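The values are calculated or read from the model by the stated rules, or taken from the named source; none is laboratory data. Note that the coordinates shown come from a computational prediction; the quantities given were computed from them, not determined experimentally. Because the Cβ atoms are built from the backbone with ideal geometry, glycine has one as well, and the counts that use them run over all protein chains shown.
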Amino acid sequence: MSESIYDKYETVIGLEVHTQMLTKSKAYCADEYEYGANPNTQVSPISLGHPGTLPKHNLEVVKYAVKMGLACNCTIAEWQHYARKNYFYADLPKGYQITQDKTPICTNGFIEIKLKDKEPKRIGITRIHMEEDAGKSMHDQDVYNTLIDLNRAGVPLIEIVSEPDMKNGEEAYQYLTEIKQLVKYLDICDGNMEEGSLRCDANISVMLKGSKVFGTKVEVKNMNSFRNVQKAIDYEVKRQIEAIEAGKTIVMETRSFDAQKGTTFTLRSKEGAADYRYFPEPDLPPLRVTQAFIDDVKQQMPALPKALFHKYTTEFGLNEYDANVLIESKEIANYFEQILAFTKNIKAAANWMMTSVKAYLNEQALHITDFKLQPKQIAEIIALIDGGKVSSSAAQKVFAAMIEKPAESAENIAQQLNLIQESNTDELQKWIDEAIAANPAKVAEYKAGKQSLVGMFMGDVMKLSKGKADPKIASKLVKETLDKQ
Amino acid sequence: MENYISYSQISEALNSKKTTVTALVDQYLQNIESKKHLNAFLEVWADEAKAAAQQIDKKIADGTAGKLAGMVIGIKDNICYKNHKVSASSKIIENFTSLYSATAVERLLVEDAIIIGRLNCDEFAMGASNENSAYGTVLNDFDNTKVSGGSSGGTAVSVQAQLCHAALGSDTGGSIRQPAAFTGTFGYKPTYGTISRWGLIAYASSFDIIGPVTKSVDDTQLLLSIMAGADEYDATAIQEPTNDFSFDLGTQKQRIAYIQETLDMEGVQPEVKEATFKLIEKLKAEGHIVEAISLPELSYVIPVYYTLTTAEASSNLSRYAGMHYGLRSKNAVDLETTIRKSRTEGFGPEVKRRIMLGTFVLSSGYYDAYYTKAQKVRRVVANKTAEIFKNYDFILSPTTPTTAFKIGEKSNDPIQMYLADIFTVHANIVGIPAISFPYGNDNENMPIGLQLMANHKQDAKLLAMVKNIRPNIL
């Protein structure tokens, strides 16, 4: 079989991810911001760029950026210098964006991505810098005019720029998944691509395998989901290879993704690209990030998914699949760990999370933070099982009933439902004697050597006890009683 | 009307019931009316001033009046005052009303100052003669054929002509001191960051500062003590307390340097030179050490100033784009023409020249050759200046090479116009305090201004020294 043209090439992908910070106020003023508010209601003279206004530092943004930098194993710069990026656009009231140019807050880091059936792969993080968002231009609301909503103007962003370490759409997808998981763990961004709080541009080029010179880079924008990033990259790689094979040259340009067609199209060529005339922002003196500040941020950071995964698979002895499910979100992991504060039975806690809790949340389309049961209550159910007070199946009933009455303890509910197992041997003996007395023929068969009949007698005992018989003790007693016949 | 040199005289007159705030305001309003031809005020808030005067008179009677009760102040048209128009003497925001007050204005109002109106200036504070205002030139009250100086021309003339007691200007390269020199008033540029820039329409952010024009150093001290100090709205404002500007140097002998180049320079008017030497001799006679020093870097200050200020201005003025407020061209049909035509129609020629210059020096390919280089020279000048202040307390020079020049004389020669700032830009490049005070007149009886500079945050000492000099007063 001849080699496919696509196999001759190597793909080089770097991503620029903008994440909107969840700070209470905007990057350089005190305006509050919430997605979906009425247009132009979350503004002030500062975010409107009125004459005479000045930006001011928002230390929360610095803190958030440091968090992300630490999570991505970056070096944190001591001095924060701010710069202006100048360009004219309708939704940029000041005519420039306050950003960081030559001195980003975080540099030289990496994250690891998980790939199916492969070792984790390290993706380099070139830089993370702080900047502010522009407003929103709406071209489709009015037939004749573009409408501008400046609520978003000045909302803090961090831009995370990767090294060109990714080779295909799948790796980009995994990279974005990791980034999203990190920002959500750190509570610095909600990671919602549809609402635009996480945005991604991809720089894509192809070169012949073994080549040392990168091909011409094309930037692709306007992808509103991780899957679309993957699709756009895969499409673009194919397009570039086919173009080169057809003897065409790739031009440096910005392309846009058409989600309907699954293709990309030219947005603008880079030759006519704007000269942003970066220069130091004279309104914001450099800000010092001390080691004490960094240490303080470190203190406030939650355990990150990678550390949790390690802990769950080694210390807790869970399998990788379970560990991955449990660390999927910080809230799930938190809940799981809170159960462990009340029980030593880690396996049981993991199982409850993986099965009943997850199933219930999925069924009800609830988030764990909206779950009515407290972690302590799950631990109570586990204790009932471990203490032999309820059977596993009875425990499911307790769980379901508890959701209706979350104020009550598991044991109370089990009692109300009459699910507490009978482990009193006198009580059990009565049911066993009754079962044996009712089946003399089967007793004879047992005596003749049919040991498996213990199961049948146990079934009868369970029936007679209406499920309350503690199966362990009961089965032992059944055997003893039969042997005495 | 009575010519009150300092606020203490007004205060005394009010306390002894020789006058009232209402009477003062009425007199200023009359003066403004009779001197309308000077074109100092762009807008007078007469009714408001009268109403405020009545209230303050009541407060005085009740003993609850602030430290500036009876102080009638004009503000340069680039300083924001809530619910009042502010246009930076430009067509591009001709009818813009500010939604907030500058910190400086806010602090004056708290102490019962009366803001009587907004004062003409060069468009966006770019100019040295007030000929760049979209609303006409301001005339010098001593000779109506001569310029007021600029950019705070209206500010200086309003004090010169007794249209108000004191006025606020802004100084980016000499815009307070140069017109003060031309009008025989005191013009003060504080240490950078002493007064919050919040509410000052930006020209060049790392140079700009608000300052007062007064008729006495006492008033400069008083106004400074009220306006200065940290402000959460300006990250570049000095954070530590800076409110004590009263300082007594006593008879302590000072070390004063004068830069030889400022007097050797071609184009320095002989009487200006004479006035400088006269003061040097006087200071020496009083026992101060006065020595000539050399600062060859002075020849770079004008290029450095115009490279850096235009760079910042090109960015600061990007917001005036016909988009969210201000002038929008009627000929605009789309986004690009809205921005382009609005700016073309809204800005005057000098502002356009500086925006283009600034855009050029920041553009890729030229950035290092111009902007970066100028930044380096700025640092060199700062270091050299710091060296000087290791050995001297003050630096003395003329404020300007000449006294007020004729209207139209330099308006077609930007380079000549830029040289009017040659002695003043130094302080802005370095961020140090500088004052222009009147010291004699030239042959045509036009006032001569001399400049004294001190090291960073030595404002109190600088003002005390000028008090000791006892300049001649109007």
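Only one of the numbered conditions (1) within 13 Å of another protein chain (Cβ to nearest Cβ); (2) on the phi > 0 side of the Ramachandran plot is violated by A:A30, and that is (2).
For the stretch A:211-266, a tally of residues being closer than 24 Å to A:S197 by Cα, of a type in the set (K, R) and not in a helix (DSSP H, G or I) returns 2.
Flag: A:S205 does not match the condition of being within 21 Å of A:I113 (Cβ to Cβ), among the polar types (S, T, N, Q) and without any contact (Cβ under 8 Å) to a residue 40 or more places away in the chain. In summary, A:G467 fulfils each of the numbered conditions (1) surrounded by 14 or more Cβ atoms within 10 Å (Cβ to Cβ); (2) outside any loop (DSSP other than H, G, I, E, B) with the single exception of condition (2). Would a scan of the stretch A:390-400 turn up a residue that is surrounded by fewer than 18 Cβ atoms within 10 Å (Cβ to Cβ), at pLDDT below 90, of a type in the set (S, T, Y) and under 26 Å from A:S465 (Cβ atoms)? Scanning the stretch A:390-400 turns up at least one residue that is surrounded by fewer than 18 Cβ atoms within 10 Å (Cβ to Cβ), at pLDDT below 90, of a type in the set (S, T, Y) and under 26 Å from A:S465 (Cβ atoms). If you check B:S246, B:S315, B:S299 for being buried (at least 22 other Cβ atoms within 10 Å of the Cβ) and within 24 Å of the chain's Cα centre (by Cα), only one passes: B:S315.
Of all residues in the stretch B:257-269, exactly one satisfies the criterion of being in a helix (DSSP H, G or I) and either over 22 Å from B:Q416 (Cα atoms) or hydroxyl-bearing (S, T, Y) (or both), namely B:T262. Any residue that is under 24 Å from A:Y96 (Cβ atoms), of a type in the set (D, E, K, R), part of a loop (DSSP other than H, G, I, E, B) and within 10 Å of chain B (Cβ to nearest Cβ) - is there at least one of those in the stretch A:43-63? Yes, the stretch A:43-63 contains a residue that is under 24 Å from A:Y96 (Cβ atoms), of a type in the set (D, E, K, R), part of a loop (DSSP other than H, G, I, E, B) and within 10 Å of chain B (Cβ to nearest Cβ). Candidates in the stretch A:251-271 are the residues that are of a type in the set (D, E, K, R) and at pLDDT 90 or above; of these, the one that is farthest from A:S225 (Cα to Cα) is A:E253. In the stretch A:361-368, the count of residues that are in contact (Cβ under 8 Å) with a residue 40 or more places away in the chain and assigned to a helix (DSSP H, G or I) is zero.
Number of residues in the stretch A:98-138 that are under 26 Å from A:Y33 (Cα atoms), surrounded by 17 or more Cβ atoms within 10 Å (Cβ to Cβ), away from chain B (no Cβ under 11 Å) and not charged (D, E, K, R): the value is 9. Out of all the residues in the stretch A:455-463, is one or more part of a loop (DSSP other than H, G, I, E, B) and surrounded by fewer than 16 Cβ atoms within 10 Å (Cβ to Cβ)? For the stretch A:455-463, residues part of a loop (DSSP other than H, G, I, E, B) and surrounded by fewer than 16 Cβ atoms within 10 Å (Cβ to Cβ): absent.
Which ones in the stretch A:145-165 are in a loop (DSSP other than H, G, I, E, B) and within 14 Å of chain B (Cβ to nearest Cβ)? Within the stretch A:145-165, A:N145, A:T146, A:L150, A:N151, A:A153, A:G154 meet the criteria. Confirm whether B:N83 is assigned to a helix (DSSP H, G or I) and either closer than 26 Å to B:D141 by Cα or not acidic (D, E) (or both). Spelling it out, it is not the case that B:N83 is assigned to a helix (DSSP H, G or I) and either closer than 26 Å to B:D141 by Cα or not acidic (D, E) (or both).
Of the residues A:Q451, A:Q429, the single one that is under 56 Å from the mean Cα position of the chain (by Cα) and part of a loop (DSSP other than H, G, I, E, B) is A:Q451. Residues satisfying the criterion are present in the stretch B:103-112 (criterion: within 13 Å of chain A (Cβ to nearest Cβ), farther than 25 Å from B:Q54 by Cβ, crowded, with 20+ Cβ neighbours inside 10 Å and touching a residue at least 24 places away in the same chain (Cβ under 8 Å)).
Among residues of the stretch B:172-205 being more than 21 Å from B:V110 (Cβ to Cβ) and hydroxyl-bearing (S, T, Y), the one that is nearest to the other protein chains (Cβ to nearest Cβ) is B:S205. A single entry from B:D208, B:D248, B:D231, B:D219 fulfils the requirement of being assigned to a loop (DSSP other than H, G, I, E, B) and away from chain A (no Cβ under 14 Å): B:D248.
A:R288 - would you say it is closer than 30 Å to B:D231 by Cβ, basic (K, R), within 14 Å of chain B (Cβ to nearest Cβ) and touching a helix residue (DSSP H, G or I) at 6+ places or on another chain (Cβ under 6 Å)?
The answer is no for A:R288.
Residues in the stretch B:270-312 that are in contact with a Gly (Cβ under 7 Å, 6 or more places away or on another chain) and outside any helix (DSSP H, G or I): 0 in all. Those helices (runs of 4 or more DSSP H) of the stretch B:324-438 in which at least 1 residues are away from chain A (no Cβ under 13 Å) and within 30 Å of B:V466 (Cβ to Cβ), considering only elements entirely within it, cover B:373-391, B:414-419, B:425-430.
Note on the stretch A:183-200: residues that are farther than 16 Å from A:R227 by Cβ and either out of contact with any Cys (no Cβ under 7 Å at 6 or more places or on another chain) or free of Cβ contacts under 8 Å to residues at least 12 places away in the same chain (or both) total 9.
Picking from residues in the stretch B:123-161 that are surrounded by fewer than 24 Cβ atoms within 10 Å (Cβ to Cβ) and of a type in the set (S, T, Y), the one that is farthest from B:R343 (Cα to Cα) is B:T145.
The set of residues in the stretch A:166-183 that are crowded, with 20+ Cβ neighbours inside 10 Å and not in a helix (DSSP H, G or I) contains only A:M166.
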